[in-house]
Each structure stands twice: as C-alpha cells, then as structure tokens.
Ligand SMILES: Cc1cc2nc3c(=O)[nH]c(=O)nc-3n(C[C@H](O)[C@H](O)[C@H](O)COP(=O)(O)O)c2cc1C
C-alpha cells in the first residue's frame, strides 16, 4: 500500500491535496484523480495538509489517519479583535501569587504549543518543566551566582548587571522573579532551525497560558546561564547533546493589568 492513497469513490478531483502539498509529491492533472509520485514516501513531511484540506475525506495517509486529524470545530473560530486583544494585552509578568502551577495545566498548555510550526515539520522541540518550589529556589540561587560571576568575568555585561545585582543584594530574585514555575524549550545542540522553532513554540505557550489566567515572562538571564554556566548546566541537566533555546517563568499574576501600553509603530519597508 502506498503511503498516501486517494479514495476514488469520494474524491471530487478538485486537486487541493496536490496544490497544498509542501513537498510537491502529489501528481494531479485537471479532471483526473490525484496520485502519489512513486518513490516519494521518504520526502513526505508528514505535515498532514493533504488529509486536512480534503473536503470529502478522500485522502488516505498511512501514518496520518482521519481519526488522528481531528475536525476543526467551526463554532470555536476566533475573531481578529479577540486575537489582537490577546496579543496586545499579554504582559511580561514579574510578580506572581504564591500559588503552585499544576503539572496538569502546564501539560494542557504544552499540548497546544506543540502545534506551533517547525522547520521542515521536524517537531523536535522538547520541554523542560520545573514547578517544584525547591528546584526553582535552587535555579534562582545558581542564577544569582551566574549574575555575579558574569559581571566580574564577561566583558560588556558588567554595566548591564549593576542594577540587577544591587536588587539581588537587597534580597529580590531578579533572576526568576520568585516565579512558581519555569518552562524551557530545548532541542538538539546542532539543529540549525531549533532556536526559531523553540522561540515560536514558547510564544504560543505564552499566549495560550494567558487564556487560562496564567502569566509568563521570558527568562533571558536563565537562557544565558543555561547555555554557559557550568553550575546551571548541571542543575538543569538536559539530556546529552541538547541545548536550551529559551524559557518562560510562569505563574498566576499578582496584579491585573487594565490598559495596553503603547509600542513603537511598525517599521515596514516594501520592495517593488
Ligand atoms: C528574549 C527575551 C528575554 C527576556 N528576558 C527577561 C528576563 O530575563 N527578565 C525579565 O524580567 N524580563 C525579560 N524579558 C521581558 C522583556 O523585558 C519584556 O518583554 C519587555 O519589557 C516588554 O514588556 P511586555 O512583554 O510586557 O510587553 C525578556 C523578553 C524577551 C523577548
């Protein structure tokens, strides 16, 4: 059986499956049934577009059955206005309630974020979750050491860290903001597209988390430390060959925002 077949009883010969196939492996001529170019099973990205676009459920993909490709619930469509407000009202949260974030809710959000696009449909983004108070404290302590070490040893960083270190010295957790949880995205060290894939996935996570009453803040300091500071690398303990490409602090916001602060106007250039 070929990797992708087409049900001739129901296929309307519209050609949509061939038109949208990103690998271009579905052959189609007007008024004829589509078919898979022979010997192209390895080229298929397993993106599922052919199954998802077919209006008559006529594409039979051996690895992406109709049962696996859930129908889109049209009643749940969102408006531009709703998405715009979600994106614009999302804030970086740095003050959290003293309330744990359950594994269940984090997994619910990851289950959405894993649908973010990935280069070549690789889906190689992995997730590191810390929602244990003790472990968060350990990371914050190692992070504080990283900040002090970096200020002394990394040229160009000292100035940027003067004020954060003053706040650290005053007992404030500038590194992880006393967040109850951290979610990091990691992937193969030498994957050239992983940084982009992970950033998109975390962006999706951030937005989805907001719809459930949670708030996030990009953990830039953590990201630097996790890639360079031996004590942090040890504490994070990613599997061999993997690198952290970004992380979010996560928790229930202590304060509610009432307004949307302005941002720079979009700088756009056009070419003709
Ligand atoms: C890549 C990246 C790294 C960041 N790292 C930190 C960080 O380590 N600590 C922090 O408090 N905020 C961090 N932020 C949050 C920014 O300061 C914040 O996005 C910016 O001030 C705009 O605020 P808004 O996100 O509420 O619009 C980071 C943001 C990004 C995109």
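The values are calculated or read from the model by the stated rules, or taken from the named source; none is laboratory data. Just so it is clear, the structure is predicted and the values come from calculations on it, not from any experiment. Please note: Cβ atoms are built from the backbone with ideal geometry, for glycine as well, and neighbour counts cover all protein chains shown.
Kindly provide the set of residues from region 181-218 that are closer than 24 Å to residue 237 by Cβ and assigned to a strand (DSSP E or B), ordered by number. Outline the logic, then answer.
Looking only at region 181-218, we keep the residues that are closer than 24 Å to residue 237 by Cβ, and these are 181-191, 194-195, 197-199, 201-202, 205, 216-218.
Of everything in region 181-218, those that are closer than 24 Å to residue 237 by Cβ and assigned to a strand (DSSP E or B) turn out to be 181, 182, 183, 184, 185, 186, 187, 188, 216, 217, 218.
For region 255-272, indicate whether the set of residues that are touching a strand residue (DSSP E or B) at 6+ places or on another chain (Cβ under 7 Å) and either assigned by TED's automatic domain parsing to the domain that holds residue 143 or in a loop (DSSP other than H, G, I, E, B) (or both) is non-empty.
No - not one qualifying residue is present in region 255-272.
Pick out the one residue from 164, 155 that is assigned by TED's automatic domain parsing to the domain that holds residue 118, in a loop (DSSP other than H, G, I, E, B) and either surrounded by 11 or more Cβ atoms within 10 Å (Cβ to Cβ) or away from the ligand (no atom under 13 Å from the Cβ) (or both).
155
Please state which one of 181, 243 is in the same structural domain as residue 134 (by TED's automatic domain parsing), surrounded by 17 or more Cβ atoms within 10 Å (Cβ to Cβ) and within 27 Å of residue 98 (Cβ to Cβ).
None of the others qualify; the one that does is 181.
Which is away from the ligand (no atom under 14 Å from the Cβ), in a strand (DSSP E or B) and within 24 Å of the chain's Cα centre (by Cα), of 247, 243?
Being away from the ligand (no atom under 14 Å from the Cβ), in a strand (DSSP E or B) and within 24 Å of the chain's Cα centre (by Cα) holds for just one of 247, 243, which is 243.
Going by the conditions given, is residue 271 within 21 Å of residue 101 (Cβ to Cβ) and more than 21 Å from the chain's Cα centre (by Cα)?
So residue 271 fails the test.
Farther than 15 Å from residue 223 by Cα, assigned to a helix (DSSP H, G or I) and modelled with pLDDT of 95 or more: does that describe residue 139?
no
One residue is enough: does region 201-223 have a residue meeting the conditions more than 22 Å from residue 86 (Cα to Cα), within 13 Å of the ligand (Cβ to nearest atom), touching a residue at least 60 places away in the same chain (Cβ under 8 Å) and within 14 Å of the chain's Cα centre (by Cα)? Walk me through it before giving the result.
Just the residues of region 201-223 that are more than 22 Å from residue 86 (Cα to Cα), to begin with: 220-223.
Subset that is within 13 Å of the ligand (Cβ to nearest atom): 220-223.
Checking the rest, the ones that are also touching a residue at least 60 places away in the same chain (Cβ under 8 Å) come to 221-222.
Cutting the leftovers down to within 14 Å of the chain's Cα centre (by Cα) gives us none.
Looking through region 201-223, none of the residues is more than 22 Å from residue 86 (Cα to Cα), within 13 Å of the ligand (Cβ to nearest atom), touching a residue at least 60 places away in the same chain (Cβ under 8 Å) and within 14 Å of the chain's Cα centre (by Cα).
Within the bounds of region 177-193, is there any residue that is within 13 Å of the ligand (Cβ to nearest atom), on the phi > 0 side of the Ramachandran plot and touching a strand residue (DSSP E or B) at 6+ places or on another chain (Cβ under 9 Å)?
Checked region 177-193: at least one residue is within 13 Å of the ligand (Cβ to nearest atom), on the phi > 0 side of the Ramachandran plot and touching a strand residue (DSSP E or B) at 6+ places or on another chain (Cβ under 9 Å).
Looking at 144, 170, 201, which one is modelled with pLDDT of 95 or more, in the same structural domain as residue 99 (by TED's automatic domain parsing) and touching a strand residue (DSSP E or B) at 6+ places or on another chain (Cβ under 6 Å)?
One residue alone meets the criteria, 201.
Return the residues of region 87-109 that are touching a helix residue (DSSP H, G or I) at 6+ places or on another chain (Cβ under 6 Å) and near the ligand (Cβ under 10 Å from one of its atoms); say none if nothing qualifies.
90
Taking the condition within 16 Å of the ligand (Cβ to nearest atom), in contact with a helix residue (DSSP H, G or I) (Cβ under 7 Å, 6 or more places away or on another chain) and under 28 Å from residue 256 (Cα atoms), does residue 174 pass?
So residue 174 passes the test.
So which residues in region 250-272 are away from the ligand (no atom under 15 Å from the Cβ) and crowded, with 16+ Cβ neighbours inside 10 Å, if there are any at all?
252
Does region 224-232 contain any residue that is closer than 20 Å to residue 109 by Cβ, touching a strand residue (DSSP E or B) at 6+ places or on another chain (Cβ under 7 Å) and within 12 Å of the ligand (Cβ to nearest atom)? Break it down into steps so the answer makes sense when it comes.
First, the residues of region 224-232 that are closer than 20 Å to residue 109 by Cβ: none.
No; the residues of region 224-232 include none that is closer than 20 Å to residue 109 by Cβ, touching a strand residue (DSSP E or B) at 6+ places or on another chain (Cβ under 7 Å) and within 12 Å of the ligand (Cβ to nearest atom).
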